[in-house]
Amino acid sequence: MNEPIDREQMLDLVAAYALGVLPVSESGLVAALILSDSDARREYDELRATANLVGLSAEEPVDSARSARMKERLLAAVRSDVPRRAPLSATRTSAMWGVTLAAAAAVVFALVSVIQNFSLRSDLHEAQTRLATQQARIDADRRTVERDRRMLTDLTASDAKRYTVTYGTVVTRGAHVYLALGSLPPLPPGRVYQAWTLARGAKTMAPSVTFTPSQNGLTLVPIPDNAGSLAAVGLSVEPQGGSRQPTTKPAFLQTLS
Amino acid sequence: MDDGARLMERVRARDVDAFEQLYDGYHRLVFGIALRIANDAALAEDITQSIFLKLWTAPEAFREGNFAGWLSRVARNRALDAVRSRANQPKAEIPVDIPAEATTDATVFARIDAQRVRGALSLLSEEQRAPIEMGFFAGVTHEEIALRTGIPLGTIKTRIRTGLRRMREALTETVSR
């Protein structure tokens, strides 16, 4: 069962964020806290600077051959990056190499095409299937990361509007609305939290998403409606699956400007 | 402004000599962090090279503050990404950072070196030092640290905070002597 978290526990989370050990799912709320609370900001700035220095303890001598090899490669890359006029002969040589390499590549491609057989195609098909599966997983991970980054960007943006409510903050930025809640009371069995929205000009609240707080009591809830269309958001405890109208006294009801 | 920050200003102006000095001064730090995280000298070499090339191609990434601390964080994050890529794991666990505001730390901590950091870490109790080092070098979340050590999550978070505070006090004392 979740326990409300107090200020000291919140500052513990700030320290974890400064060290870089908070998962993305918990970072939004802590980032919002850091940006809206001067004590949290001070704690973050001091502990972040300290945490960064932990890495210095790993500094160690690099053997001279390795050190020289890395330096040589780096300086070669850097010097070639510094703008300068290439000698004409060098340009011509590069162009000649380009033509030769292109011709060689064409020959190799033709040879490979000729020697393909059924076995190779079968292997290829299997590899493509594996690749497609991997790609789908990577795409899904990428979408999750992009979504989390977008949320975090919204929550920490200087142009975001923040409304303090009983258990945290309502944040709006552009079309997006989030409930960043940090100390929700434990839910009775069979109950969930449900968000409510009041559209501009409407007289009754409409049901929105339901959720249960994360294990440590921190919860970031994106509201699917467009922020510009909403006059208010609210939160109440409802039966599992949600309700069509609030059945308990709202934990908060916040008007949006 | 520390030596690294001054050199980065010259690197922004495409000064190759400054870049060479930057490498001479900081490659042991970057390689050391990469090696500690990757546990593979060849990969650590690749990571070190990619970080220094990035310093050259995108020097604006460093804005202000303690250069060694900033570079240490960059090396850590880059090495963790490389290790995760090698293991075919997603990179989703490291969240976006809020840039720390420039504080007096930039000046005070400019005098901090590896030996002083090791000294400060050695002053922590094992129970404070272990989660901090695990979090920094293994790139695991606080929940994973709790799981690996069998210590309650709340205790881990408190130990991280008290440990970092103690380390900060020790570092501040050592530079003010």
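The values are calculated or read from the model by the stated rules, or taken from the named source; none is laboratory data. No experiment lies behind these values; they were computed from the predicted model shown. A quick note on method: Cβ atoms are made from the backbone with ideal geometry, for glycine too, and the neighbour counts reach across all protein chains shown. Side chains are part of the model used for accessible areas, which takes the heavy atoms of the whole protein and leaves out ligands, DNA and RNA. Shrake-Rupley method; radii C 1.70, N 1.55, O 1.52, S 1.80 Å.
Examine region B:27-39 for a residue that is over 22 Å from A:ALA65 (Cα atoms) and either at the interface with another protein chain (Cβ under 7 Å from one of its Cβ atoms) or in a helix (DSSP H, G or I) (or both), and state whether such a residue exists.
no
Can you name the number of the only condition in (1) in a helix (DSSP H, G or I); (2) more than 9 Å from chain A (Cβ to nearest Cβ) that B:ARG63 fails?
Checking B:ARG63 against (1) in a helix (DSSP H, G or I); (2) more than 9 Å from chain A (Cβ to nearest Cβ), the one that fails is (1).
Taking region B:41-79 as the region of interest, how many residues are of a type in the set (Ser, Thr, Tyr) and either in contact with a helix residue (DSSP H, G or I) (Cβ under 6 Å, 6 or more places away or on another chain) or open to solvent by less than 20 Å² (accessible area, probe 1.4 Å) (or both)?
Residues in region B:41-79 being of a type in the set (Ser, Thr, Tyr) and either in contact with a helix residue (DSSP H, G or I) (Cβ under 6 Å, 6 or more places away or on another chain) or open to solvent by less than 20 Å² (accessible area, probe 1.4 Å) (or both): 2 in total.
Looking only at region B:66-93, which residues are in a helix (DSSP H, G or I), of a type in the set (Lys, Arg) and facing chain A (nearest Cβ under 10 Å)?
Answer for region B:66-93, where residues must be in a helix (DSSP H, G or I), of a type in the set (Lys, Arg) and facing chain A (nearest Cβ under 10 Å): B:ARG73, B:ARG76.
Residue-by-condition table, conditions (1) modelled with pLDDT of 90 or more; (2) more than 7 Å from chain B (Cβ to nearest Cβ); (3) closer than 30 Å to B:ALA41 by Cα; (4) touching a helix residue (DSSP H, G or I) at 6+ places or on another chain (Cβ under 7 Å):
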site	(1), (2), (3), (4)
A:TYR17	yes, yes, yes, yes
A:ASP37	no, yes, no, no
A:GLY55	yes, no, yes, yes
A:ALA65	yes, yes, yes, no
A:ARG69	yes, yes, yes, no
A:GLU72	yes, yes, yes, no
A:LEU88	no, yes, no, no
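Any chance region A:236-252 includes a residue that's surrounded by 18 or more Cβ atoms within 10 Å (Cβ to Cβ), closer than 24 Å to A:ALA31 by Cα and free of Cβ contacts under 8 Å to residues at least 60 places away in the same chain?
no
Name every residue in region A:169-184 that is touching a residue at least 60 places away in the same chain (Cβ under 8 Å) and open to solvent by less than 20 Å² (accessible area, probe 1.4 Å), in order of residue number.
Within region A:169-184, A:VAL170, A:VAL171, A:THR172, A:VAL177, A:TYR178, A:ALA180, A:LEU181, A:GLY182, A:LEU184 qualify.
Looking at B:GLU126, is it within 10 Å of another protein chain (Cβ to nearest Cβ), open to solvent by 20 Å² or more (accessible area, probe 1.4 Å) and at pLDDT 90 or above?
no
For region B:160-177, which positions are more than 9 Å from every other protein chain (Cβ to nearest Cβ) and among the basic types (Lys, Arg)?
B:ARG166, B:ARG177, listed by residue number.
Regarding A:VAL54, is this residue within 28 Å of B:LEU55 (Cα to Cα), hydrophobic (A, V, I, L, M, F, W, C) and either assigned to a helix (DSSP H, G or I) or open to solvent by 60 Å² or more (accessible area, probe 1.4 Å) (or both)?
Yes, satisfied.
Of all residues being under 23 Å from the mean Cα position of the chain (by Cα) and either open to solvent by less than 40 Å² (accessible area, probe 1.4 Å) or not aliphatic (A, V, I, L, M) (or both) in region A:200-215, which is farthest from A:GLY182 (Cα to Cα)? Just the residue, please.
Out of the qualifying residues, it is A:THR210.
Of all residues in region B:1-40 being within 14 Å of the chain's Cα centre (by Cα) and charged (D, E, K, R), which is least open to solvent (accessible area, probe 1.4 Å)?
Of everything passing the filter in region B:1-40, B:ARG28 is least open to solvent (accessible area, probe 1.4 Å).
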